[in-house]
Amino acid sequence: SSGNAAMVDADLRAPESVLLAAETRRLLDLDRPLALLMVAVLHWVTDAEMPGLLHRYTDVLAPGSHLVISHLTDDYRPGLMRRVGRLYEETRAPLIFRSRTEVAALFGGFDLVPPGVVHSADWHAQPYERLPDPERSKTWAAVGRKR
């Protein structure tokens, strides 16, 4: 109700519908740095869709902007994650797991902010917040700053 927030009812796979929405144009000044949060959404984007889709969003960001990504992986729990992935094989949006290397590659044109691509539980976590075993993590997380 403050007017400083809005929801755009659009499909992530249709960047123009998000970027050209009246709410987006009213609230975001794309000439200034901002943060693009791609948190827990890119694992629904296929490899064929990914490059053009992500670049369409990041190309409009001003230098100094940040890209935040968290992404499911099967690097450590392949058996479990394959079983989860099979549940989505028959859907419109199959679940895509990406490795640490593949997630890092999504940050083209951005400098990774330390600690880089790490388990989401390890992103600047205090010792008491860390998962006891990194193999329990199912997501990679990272932040990059646009050059």
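The values are calculated or read from the model by the stated rules, or taken from the named source; none is laboratory data. These numbers were taken from a predicted model, which means no experiment stands behind them. Ideal geometry is used to build each Cβ from the backbone, glycine not excepted, and the neighbour counts take in all protein chains shown. What goes into the accessible areas is simple: the full protein's heavy atoms, side chains included, and nothing from ligands, DNA or RNA. Shrake-Rupley method; radii C 1.70, N 1.55, O 1.52, S 1.80 Å.
Remarks
- Residue check, Arg56 open to solvent by 50 Å² or more (accessible area, probe 1.4 Å) and touching a Pro at 6+ places or on another chain (Cβ under 6 Å): yes
- Asp11 being without any contact (Cβ under 8 Å) to a residue 12 or more places away in the chain and either assigned to a loop (DSSP other than H, G, I, E, B) or at positive phi (or both): yes
- The set of residues from region 95-107 being surrounded by fewer than 15 Cβ atoms within 10 Å (Cβ to Cβ) and touching a residue at least 12 places away in the same chain (Cβ under 8 Å) comprises just one member, Ser99.
- Some residue of region 41-62 being of a type outside the set (A, V, I, L, M, F, W, C), at pLDDT below 95 and touching a Phe, Trp or Tyr at 6+ places or on another chain (Cβ under 7 Å): yes
- Test: residue in region 22-31 that is of a type in the set (D, E, K, R), in a helix (DSSP H, G or I) and surrounded by 11 or more Cβ atoms within 10 Å (Cβ to Cβ): yes
- Flag if Glu16 is surrounded by fewer than 16 Cβ atoms within 10 Å (Cβ to Cβ) and part of a loop (DSSP other than H, G, I, E, B): no
- A search for C-beta distances below 8 Å between a residue of region 26-52 that is closer than 11 Å to His71 by Cα and any residue that is in a helix (DSSP H, G or I), counting only pairs 6+ apart in sequence or on different chains, returns Met38/Leu54; Met38/Tyr57; Leu42/Met50; Leu42/Leu54; Val45/Leu53; Val45/Leu54.
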